[in-house]
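The values are calculated or read from the model by the stated rules, or taken from the named source; none is laboratory data. It should be emphasised that the depicted structure is a prediction, and the values quoted were computed from it without experimental measurement. Don't worry about glycine lacking a Cβ; one is built from the backbone with ideal geometry, like all the others, and counts go over all protein chains shown. Accessible surface is based on the protein model in full, side chains and every heavy atom, while ligands, DNA and RNA are left aside. Shrake-Rupley method; radii C 1.70, N 1.55, O 1.52, S 1.80 Å.
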Amino acid sequence: MREANARYFRQNMDRLNRRDRMFINNPVVMQGLGIAPIVIPAISLRNGLILAVAVILLLTPTRMLATLIGQHTGFKFRAVLYVLVSGVVFIGVAYLVDLLFGGQVSNVGIYLALLVVEPLILKRYESPKRERLFTSFKKGIITTVGFCIVLLLVAAIREFLATGQLYGEQVINSTLFPMAAMPAGGFIILGIFVAVWRGLVAVFKQSVGVVEVSEEDD
């Protein structure tokens, strides 16, 4: 069974590398997307959850609407189209996030609005290939999940190290790394996190006999 699994991954690694956005080709870890909201406002699990909900509500609908409208407009204007669609969708997203979290939204500051032009949301327009509506939905969901996994994990680590808490609940009565609550600390923690993640991906690929795989995004 183990050899059969290894053979499957060897034969399908190119396809998995293009389509997997959770582990092998995570958008944050492998492509450096979505870094700003992770290293600056995501200093607690609560802040991370606010940002995650906003991305869930924004990324896939933007990708799907841009794909749908793009079928009836000039493809060469896709960059403008994505930005405009993202901005329009964000109006509803901002209302829903405020409805869900109230005054806590102010904790993430301007970085909520900056999601409108976040490369994580707009990356798709760089591709010269047209995308089907179902494909945009599927890839939008997978990319969203991959980003949210890293966002919430890093936010939880930062809160625990900086305050000894998780989602506002005291876990330990000490602060292990107060700098974790600062952007510089966020960069350090994310850097270590990415290094470990990439190491695990490399070990996984070695274990199934894959030496080098392209990390292109489609």
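Do you know which residues across segment 86-103 are open to solvent by 80 Å² or more (accessible area, probe 1.4 Å) and β-branched (V, I, T)?
Of the residues in segment 86-103, the ones open to solvent by 80 Å² or more (accessible area, probe 1.4 Å) are 88, 91, 95, 98-100.
Within segment 86-103, V88, I91 qualify.
Give me the residue from segment 15-39 that is in contact (Cβ under 8 Å) with a residue 60 or more places away in the chain and of a type in the set (K, R) and, out of that set, least open to solvent (accessible area, probe 1.4 Å).
Within segment 15-39, the first condition is being in contact (Cβ under 8 Å) with a residue 60 or more places away in the chain, and the residues that meet it are 17-31, 33-39.
Now restrict to residues that are of a type in the set (K, R): 18-19, 21.
Numbers: R18: 79, R19: 122, R21: 14 Å².
Looking at residues that are in contact (Cβ under 8 Å) with a residue 60 or more places away in the chain and of a type in the set (K, R), I get R21.
Any idea which of T135, T175 is outside any helix (DSSP H, G or I), farther than 17 Å from A54 by Cα and open to solvent by 20 Å² or more (accessible area, probe 1.4 Å)? Lay out the reasoning, then the answer.
Working: T135 fails: outside any helix (DSSP H, G or I).
Exactly one of T135, T175 is outside any helix (DSSP H, G or I), farther than 17 Å from A54 by Cα and open to solvent by 20 Å² or more (accessible area, probe 1.4 Å), namely T175.
What residue, of I157, I69, is over 30 Å from A184 (Cα atoms), open to solvent by 10 Å² or more (accessible area, probe 1.4 Å) and free of Cβ contacts under 8 Å to residues at least 40 places away in the same chain? When all the criteria are applied, what remains is I69.
Selection of first residues in segment 104-126 that are more than 13 Å from G48 (Cβ to Cβ) and open to solvent by 70 Å² or more (accessible area, probe 1.4 Å) and of second residues that are among the acidic types (D, E) and not in a loop (DSSP other than H, G, I, E, B), restricted to Cβ pairs under 6 Å at least 6 apart or on distinct chains, gives an empty result.
With respect to the conditions (1) of a type outside the set (D, E, K, R); (2) more than 21 Å from I149 (Cβ to Cβ); (3) at pLDDT 95 or above; (4) under 20 Å from the mean Cα position of the chain (by Cα), L190 falls short on a single one, namely (2). In the set (1) within 21 Å of S44 (Cβ to Cβ); (2) surrounded by 15 or more Cβ atoms within 10 Å (Cβ to Cβ); (3) in contact with a helix residue (DSSP H, G or I) (Cβ under 7 Å, 6 or more places away or on another chain), T143 fails one condition alone, (1). The number of residues in segment 94-134 that are among the β-branched types (V, I, T) and within 17 Å of the chain's Cα centre (by Cα) comes to 4.
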